[in-house]
Structure formats: structure tokens, C-alpha cells
Amino acid sequence: MKIAVSGKGGVGKTTFAALMIRTLNEQGKHVLAIDADPDANLAGALGIKDSDKIVPIAEMKELIFERTGAQAGTIGGYFKLNPKV
């Protein structure tokens, strides 16, 4: 099952997603939650300790280069479309 949640800011998307994640987890489901919001508050809503210390993958330039071959500040060229994440 794949679920995406979108909408205007402040309408409860993160709260809804956190409730769905907790509900599915309580039902014994394995859940992978991806927070693509620039504000990234889902970890906090799930009660993950030190969630403010999580570094977004987009800011991990060395990891991006290692996994895709794409260098920051360059355009064009070739890079892996199916990197190990």
C-alpha cells in the first residue's frame, strides 16, 4: 500500500500521516514513512527523540555524490538513476 498526503499548509497533513503510521504500526504492519516536507516535522509528531537533529538527505552532498555520482553545482552529464539509498 502506498499513501501520499498533500494539501495546503496547516491543514493537518503531518498529524494525519502520524496517526496513520501509528495505527498501521499498531496493527502489526511494517511502515516506511518519508517526510518530503521542507519543514520535516513528521519525526517529531511520531515522538522520535532528537528529531531536530535529523539531517535531510538533500543536505548530505557527499552521500549524494557517493550514491549517484552527481556533483553539487554541476549540470548535465550522467548519473545513476537507481542509487542505493
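The values are calculated or read from the model by the stated rules, or taken from the named source; none is laboratory data. These numbers were taken from a predicted model, which means no experiment stands behind them. When we count neighbours, we look across all protein chains shown, and the Cβ atoms used for this are built from the backbone with ideal geometry, even at glycine.
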Mind telling me which of the residues Ala45, Ala40, Ala58 ends up being touching a Pro at 6+ places or on another chain (Cβ under 8 Å) and small (Gly, Ala, Ser)?
Ala40
Please determine whether any residue of the range 52-70 is in contact with a Gly (Cβ under 7 Å, 6 or more places away or on another chain), modelled with pLDDT under 85 and surrounded by 12 or more Cβ atoms within 10 Å (Cβ to Cβ).
no
Selection within the range 32-47 - of a type in the set (A, V, I, L, M) and either in contact with a strand residue (DSSP E or B) (Cβ under 8 Å, 6 or more places away or on another chain) or loosely packed, with under 13 Cβ neighbours inside 10 Å (or both):
Leu32, Ile34, Ala36
Helices (runs of 4 or more DSSP H) contained entirely in the chain, each with at least 2 residues that are on the phi < 0 side of the Ramachandran plot and among the acidic types (Asp, Glu)
61-68
Cross-chain or 6+ apart pairs with Cβ under 9 Å, the range 12-39 first and more than 19 Å from Ser51 (Cα to Cα), then part of a helix (DSSP H, G or I)
Lys29/Thr23; His30/Leu24
